[in-house]
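Working notes, structure below.
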Amino acid sequence: MATQVLAMWEKFRGVPGGQRAFSLAFTWKAPYFRSIRPRFVQVSPNYTCLVLPKRRAVQNHIGTVHAIAVCNGLEAAMGALAEATVPKGKRWLPKGMEVAYLAKSTSDLTCSAETDPDAWAAGPDVPVRVKATRDDGTVVVEGTINLWVTDKK
């Protein structure tokens, strides 16, 4: 059974402007993510990616995408992945994030989140691998967001 987020992605992705509509709806539900204006590219169980546009509102004093804006993009990707993947009858909460800043974020970034399917059954700790990549393919940030997956009450 598809989750609400996955069902909405499947409904919108094939129509003109559907990815934009999904991205707006996602940030309406989780307003903090509006600050980075994510553009979701793929939402599926165990893998999600989005584009974080480089624009003045997310830049730091040296003109690169601010590290916390990048983490916000990674968390948005993780959240969509978790919603698309979490088993029926379970809920998830982020437990922590560990990231390494590897290069300057000088372009739009592709933020991706990925999990191993078996991790959801093994729980309650589910590691989500995240990374942000520049347009030229350089990984600028990578790390893990750890989830706590438990039964719904």
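The values are calculated or read from the model by the stated rules, or taken from the named source; none is laboratory data. All figures in this text were calculated on a predicted structure; none of them were measured in a lab. Here the Cβ positions follow ideal geometry from the backbone for every residue, glycine too, while neighbour counts run over all protein chains shown. With ligands, DNA and RNA removed, areas are computed over all heavy atoms of the protein, side chains included. Shrake-Rupley method; radii C 1.70, N 1.55, O 1.52, S 1.80 Å.
How many of the residues in the range 1-34 are part of a loop (DSSP other than H, G, I, E, B), under 24 Å from N146 (Cβ atoms) and more than 14 Å from the chain's Cα centre (by Cα)?
Step one: of the range 1-34, the residues part of a loop (DSSP other than H, G, I, E, B) are 1-3, 13-17, 30.
Checking the rest, the ones that are also under 24 Å from N146 (Cβ atoms) come to 3, 30.
So of that shortlist, the ones also more than 14 Å from the chain's Cα centre (by Cα) come out as 3.
The number of residues fulfilling the criteria is 1.
Pick from the range 35-62 the residues that are outside any loop (DSSP other than H, G, I, E, B), of a type outside the set (S, T, Y) and open to solvent by 50 Å² or more (accessible area, probe 1.4 Å): which of them is nearest to P117 (Cα to Cα)? Don't jump to the end; show me each part of the working.
We begin by selecting, within the range 35-62, every residue outside any loop (DSSP other than H, G, I, E, B); these are 35-36, 39-44, 47-52, 56-59.
After this cut, where a residue has to be of a type outside the set (S, T, Y) as well, the list is 36, 39-43, 49-52, 56-59.
If we keep only those that are open to solvent by 50 Å² or more (accessible area, probe 1.4 Å) too, we end up with 39, 41-42, 56-57, 59.
Numbers: R39: 25, V41: 20, Q42: 17, R56: 37, A57: 36, Q59: 35 Å.
Here the residue is Q42.
Could you please let me know if V58 is in contact with a strand residue (DSSP E or B) (Cβ under 7 Å, 6 or more places away or on another chain) and over 22 Å from D135 (Cα atoms)? First the steps, then the outcome.
Working: in contact with a strand residue (DSSP E or B) (Cβ under 7 Å, 6 or more places away or on another chain): yes; over 22 Å from D135 (Cα atoms): no.
So V58 does not fit the description; no.
Say we look at the range 73-111 and pick out the residues that are among the β-branched types (V, I, T) and out of contact with any strand residue (DSSP E or B) (no Cβ under 6 Å at 6 or more places or on another chain); which of these is nearest to N60 (Cα to Cα)?
Pass one, the range 73-111, residues among the β-branched types (V, I, T): 85-86, 99, 106, 110.
Filter once more, keeping what is out of contact with any strand residue (DSSP E or B) (no Cβ under 6 Å at 6 or more places or on another chain): 85, 106.
On the way: T85: 34, T106: 11 Å.
It comes out as T106.
Any idea how many residues of the range 95-121 are under 18 Å from P45 (Cβ atoms), open to solvent by 30 Å² or more (accessible area, probe 1.4 Å) and touching an Asp or Glu at 6+ places or on another chain (Cβ under 9 Å)?
Within the range 95-121, residues that are under 18 Å from P45 (Cβ atoms), open to solvent by 30 Å² or more (accessible area, probe 1.4 Å) and touching an Asp or Glu at 6+ places or on another chain (Cβ under 9 Å) number 0.
On the basis of being of a type in the set (S, T, N, Q) and open to solvent by 70 Å² or more (accessible area, probe 1.4 Å), does Q4 make the cut? Outline the logic, then answer.
On the way: of a type in the set (S, T, N, Q): yes; open to solvent by 70 Å² or more (accessible area, probe 1.4 Å): yes.
Here the answer is yes, as Q4 does meet what is asked.
Quick check on K153: is it basic (K, R), over 15 Å from L50 (Cβ atoms) and open to solvent by 50 Å² or more (accessible area, probe 1.4 Å)? Before the answer, list the steps.
On the way: basic (K, R): yes; over 15 Å from L50 (Cβ atoms): yes; open to solvent by 50 Å² or more (accessible area, probe 1.4 Å): yes.
For K153, the condition - basic (K, R), over 15 Å from L50 (Cβ atoms) and open to solvent by 50 Å² or more (accessible area, probe 1.4 Å) - is met.
Looking at the range 132-142, which of its residues are surrounded by 18 or more Cβ atoms within 10 Å (Cβ to Cβ) and in contact (Cβ under 8 Å) with a residue 40 or more places away in the chain?
Residues of the range 132-142 surrounded by 18 or more Cβ atoms within 10 Å (Cβ to Cβ): 132-134, 140-141.
Answer for the range 132-142, where residues must be surrounded by 18 or more Cβ atoms within 10 Å (Cβ to Cβ) and in contact (Cβ under 8 Å) with a residue 40 or more places away in the chain: A132, V140, V141.
I'd like to check something: does the range 83-94 contain any residue that is assigned to a loop (DSSP other than H, G, I, E, B), surrounded by fewer than 21 Cβ atoms within 10 Å (Cβ to Cβ) and charged (D, E, K, R)?
Yes; the residues of the range 83-94 include at least one that is assigned to a loop (DSSP other than H, G, I, E, B), surrounded by fewer than 21 Cβ atoms within 10 Å (Cβ to Cβ) and charged (D, E, K, R).
Exactly one condition in (1) farther than 27 Å from G123 by Cβ; (2) part of a helix (DSSP H, G or I) is not met by K104; state its number.
Exception for K104: condition (2).
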